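Step one of this worksheet: look at the structure below.
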Amino acid sequence: MRKFPEGFIWGTATASYQVEGATREGGRGRSIWDTFAHTPGKVAQGHHGDVACDHYHRYLDDIQLMKDLGISSYRFSIAWPRVMPEKGRVWVKGLDFYKRLIHALLEAGIRPAVTIYHWDLPQWIEDDGGWNSRETVSRFREYSEILFRELGDLVPMWITHNEPWCASILGYGLGAHAPGLCDWRRAYRAAHHLLLSHGHTVRLYRELGLKGEIGITLNLTPVYPASSRPEDVAAAHRQDMFQNRWFLDPVLKGAYPEELLRRVDAVVGGFDAVQPGDLEVISAPIDFLGVNYYSRAVVADDPADPLLGVRHVPGEGPRTEMDWEVYPEGLYDLLSRLRRDYGDVPIYITENGAAYDDRVEGGSVHDTNRIEYLALHFAAAHRFLEEGGNLRGYYVWSLMDNFEWAFGYTKRFGIVYVDYETLARIPKDSYFWYQQVIRDRAIAP
Ligand SMILES: CO[C@H](O)c1c[n+]2c([nH]1)[C@H](O)[C@@H](O)[C@H](O)[C@H]2CO
């Protein structure tokens, strides 16, 4: 058996817009995802989060599932529109659901890990410029201060942002996520303002003297050259800069990659979002780095690509329902690279999991492919730990099937199946497998 260390944190993760529903309850205002999902053609089959998994009303049953599973921590996000539903209005009572949730988690012996922002920006802030506007930085700090003052003594682990790369590139550059804009200049400005708001919030956390830990979650994708040709190796470095170092370097080293700034300036002109002192704020020391890992990228040199001169090449591994290659070695390589290039920063894997075409058969879901995926990735994490890696914990994405953004409910990532007709929860085989791993604190060799 491959034993994990005493005190290793086993968890599961979700996000507010993906599981809560109750989008019109408790004084909640509209988010950019309410707007985006209700815009025809943006989300598969017209799906939206109005009901989702109804976690807002069913959270006690879901916590019982977590308790039976045996996890020691649950990562979830707070919906900003519940706290700031409209311009000029702070609705602290909007936190009442989260206070109930957190108390129930603590009573169940489960450590709450709160993501302050997981993409559901209040629509009124987007109407005021959203992450393209520097004003949103101070609004995020104000929002964070409310959370810290109301929940700071109860919540021991805070994540400022979930994947600012996705929030900026997918939301403002590619238009695939809310707010659905296709403007690279705004995308780069949004990325900077997301990072800046992270830094200010970390500083605030320290100023308030709170005793927990705070960090940020980045989606990180190790990049491999399609061949050993120097052009492909150089292409992989460029993609790594765009995919990973763009966020890792400012947060952990206090500087953007020089070549990225040059390319951004050349393509979008005048990357003027950066002001003196910003990088010092962004690199405020963090207690941990949250890593979301799902798969790798393989790239080749391609002069026709205007920004980076790369083209993606499919890896040769099996694919999940998201058409992502299953590549557990990439998790070990990523963690090892972080340790090599960024020092011994404590790491949590804040998301890892897979979507598969799960079917209910006789009241069960035999998701052996997901068990295989998780077993391989747990083994990669274990190898890193065995080499002295500073890995603190592992949050499986996701506790339950949920709203998978532009894919709606067509992709299932949960270790618990959700019947969207009845909202019944059915633990999958992977739930019971994970339960045993947690009990043994080990995986089979
Ligand atoms: C390349 O995958 C990204 O890192 C990523 C994958 N995922 C995420 N980020 C988001 O944080 C979750 O909200 C998604 O539900 C989840 C599954 O798609």
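Taken together, the values in this text are just the output of simple stated rules run on the coordinates, not laboratory data. Remember, predicted model here, so these are calculated numbers, not experimental data. Backbone-built Cβ (ideal geometry, glycine too); neighbour counts: all protein chains shown.
Remarks
- Seen from a random direction on average, the alpha-carbon convex hull of the chain projects onto 20.1 square nanometres.
- Residue with peak Gaussian network fluctuation, the chain [Cα springs, cutoff 10 Å], from Leu65, Leu261, Leu279: Leu261
- Pairwise label distance in nanometres, Lys67 with Leu154, each label 7 Å out on the Cα-Cβ vector: 1.6 nm
- Note on segment 146-198: dipole from Cβ charges, positive end direction compared against Phe148, Leu196, Ile159; the farthest Cα belongs to Leu196.
- Mean separation of Cα contacts under 8 Å (6+ apart) over length of segment 235-375, as relative contact order %: 23 percent
- Peptides 91-101, 303-313, 164-174 ranked from most to least packed, by the mean per-residue count of other Cβ atoms within 10 Å: 164-174, 91-101, 303-313.
- For the residue pairs Lys67/Lys87; Lys42/Lys99; Lys99/Lys211; Lys42/Lys87, alpha carbon separations beyond 29 Å are given by Lys67/Lys87; Lys42/Lys99.
- Span from the segment 103-167 Cα centroid across to the segment 274-335 one, whole angstrom: 24 Å
- Length-normalised contact order for the chain - Cα pairs under 8 Å, 6+ apart - percent: 18 percent
- Long-range amide H partners of Thr217 with built H, under 5 Å: Thr160, His161, Glu163, Gly290
- Largest-first principal axis extents of the Cα set of segment 11-127 (Å): 41, 35, 19
- Pairwise Cα distances in segment 306-403 exceed 16 Å in 64 percent of cases.
- Efficiency of FRET from Cβ geometry, Asn390 and Lys3, R₀ 25 Å, rounded to 0.05: 0.90
- Spacing of the two label points (7 Å from each Cα toward its C-beta) at Asp429 and His366, in nm: 0.6 nm
- Farthest towards the positive end of the charge dipole of the chain, among the residues Ile71, Leu101, Ala375, is the Cα of Leu101, using unit charges on the Cβ of Lys, Arg, Asp and Glu.
- Of the GluC sites (Glu not before Pro) found in segment 314-413, those that fall in a DSSP loop while having at most 16 other beta-carbon atoms within 10 Å are Glu316, Glu387.
- Each Cα pair under 8 Å and six or more residues apart adds its sequence gap; the mean of these over the residue count of segment 308-387 is a relative contact order of 32 percent.
- Estimated inter-spin distance, Asp272 and Asp128, nm [label 7 Å along Cα→Cβ]: 2.2 nm
- Mean-square fluctuations from a GNM of the chain, with a 10 angstrom spring cutoff on Cα atoms, peak among Asn402, Asn162, Asn390 at Asn390.
- Sorted peptide list for 9-20, 245-256, criterion being average Cβ within 10 angstrom, highest first: 9-20, 245-256
- Computed extension length for Arg337-Asp183: 52.3 nm, one decimal, from 0.36 nm per residue of separation with the Cα-Cα distance subtracted.
- Residue-span extension gain [Leu60 to Asp357] - 0.36 nm each, minus C-alpha spacing: 104.2 nm
- Distribution of pairwise C-alpha distances over segment 166-303, 5 Å bins, in %: 2, 10, 16, 20, 21, 16, 9, 4, 1, 1, 0
- Length gained on full extension, Glu258 to Leu376: 38.9 nm, using 0.36 nm per residue less the C-alpha separation.
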